[in-house]
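Here the structure comes first, spelled out in structure tokens, and everything after it is commentary.
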Amino acid sequence: MEDLRLNQQQFRVFAGSIPELCWMAHPDCHIFWYDERWYEYTGTRPDQMEGWGWQAVHDPKILQEGLERWHQSIQTGQRFEMVFPLHAAHGRFRPFLATLRPFPQT
């Protein structure tokens, strides 16, 4: 159990040290973890972003296309890249390059 705690702590330190916004999701696009920078940038709280809450900070004009491409990436295992405008805490959208790499399903 101590090894698991140490691994989790090391992961949080690592994820907190990269400059990008970082998150993890299940294959159905249900996001279960965000780094602190995500919350700082979007001005949201964990309870607002849990599950499908992430959709609230994406530009609705391209959300459907993004979801379709994300699902295709998961099905094929291929890397996904797309520019997603994210709504910032200051009230404007700013484009971000989303790069996703699906993990093989076990």
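The values are calculated or read from the model by the stated rules, or taken from the named source; none is laboratory data. Given the structure is predicted, the values throughout are model-derived calculations rather than measurements. Every residue, glycine among them, receives a Cβ derived from its backbone with ideal geometry; neighbour counts consider all protein chains shown.
Within segment 30-59, the set of residues being of a type in the set (S, T, Y) and outside any strand (DSSP E or B) comprises Y39, Y41, T42, T44.
P95 meets the conditions (1) touching a strand residue (DSSP E or B) at 6+ places or on another chain (Cβ under 6 Å); (2) not in a strand (DSSP E or B) in every case but one. The failed one is (2). Being closer than 24 Å to G91 by Cα, in contact with a helix residue (DSSP H, G or I) (Cβ under 9 Å, 6 or more places away or on another chain) and in a helix (DSSP H, G or I) is a property that does not hold for Q64. Does R69 satisfy the criteria of being within 19 Å of H26 (Cβ to Cβ) and of a type in the set (D, E, K, R)? Here the answer is yes, as R69 does meet what is asked.
From the list Y41, Y34, which one is modelled with pLDDT of 90 or more, within 11 Å of the chain's Cα centre (by Cα) and not hydrophobic (A, V, I, L, M, F, W, C)? Just a single option satisfies the conditions, and that option is Y34. The residues of segment 51-106 that are out of contact with any Pro (no Cβ under 9 Å at 6 or more places or on another chain), of a type in the set (V, I, T) and closer than 24 Å to Y39 by Cβ, listed by number, are V57, T99.
Within segment 71-92, the set of residues being part of a strand (DSSP E or B) and in contact with a helix residue (DSSP H, G or I) (Cβ under 8 Å, 6 or more places away or on another chain) comprises F80, M82, F84, P85, L86, H87. If you scan segment 51-97, which residues turn out to be without any contact (Cβ under 8 Å) to a residue 24 or more places away in the chain, surrounded by 14 or more Cβ atoms within 10 Å (Cβ to Cβ), of a type outside the set (A, V, I, L, M, F, W, C) and within 17 Å of L21 (Cβ to Cβ)? G53, Q55 - these are the residues of segment 51-97 that are without any contact (Cβ under 8 Å) to a residue 24 or more places away in the chain, surrounded by 14 or more Cβ atoms within 10 Å (Cβ to Cβ), of a type outside the set (A, V, I, L, M, F, W, C) and within 17 Å of L21 (Cβ to Cβ).
The residue list P19, P27 contains one member that is in contact (Cβ under 8 Å) with a residue 40 or more places away in the chain, outside any helix (DSSP H, G or I) and not hydroxyl-bearing (S, T, Y), which is P27. Tally the residues that are surrounded by fewer than 14 Cβ atoms within 10 Å (Cβ to Cβ) and closer than 15 Å to R94 by Cβ, restricting the search to segment 20-50. Result for segment 20-50: 3.
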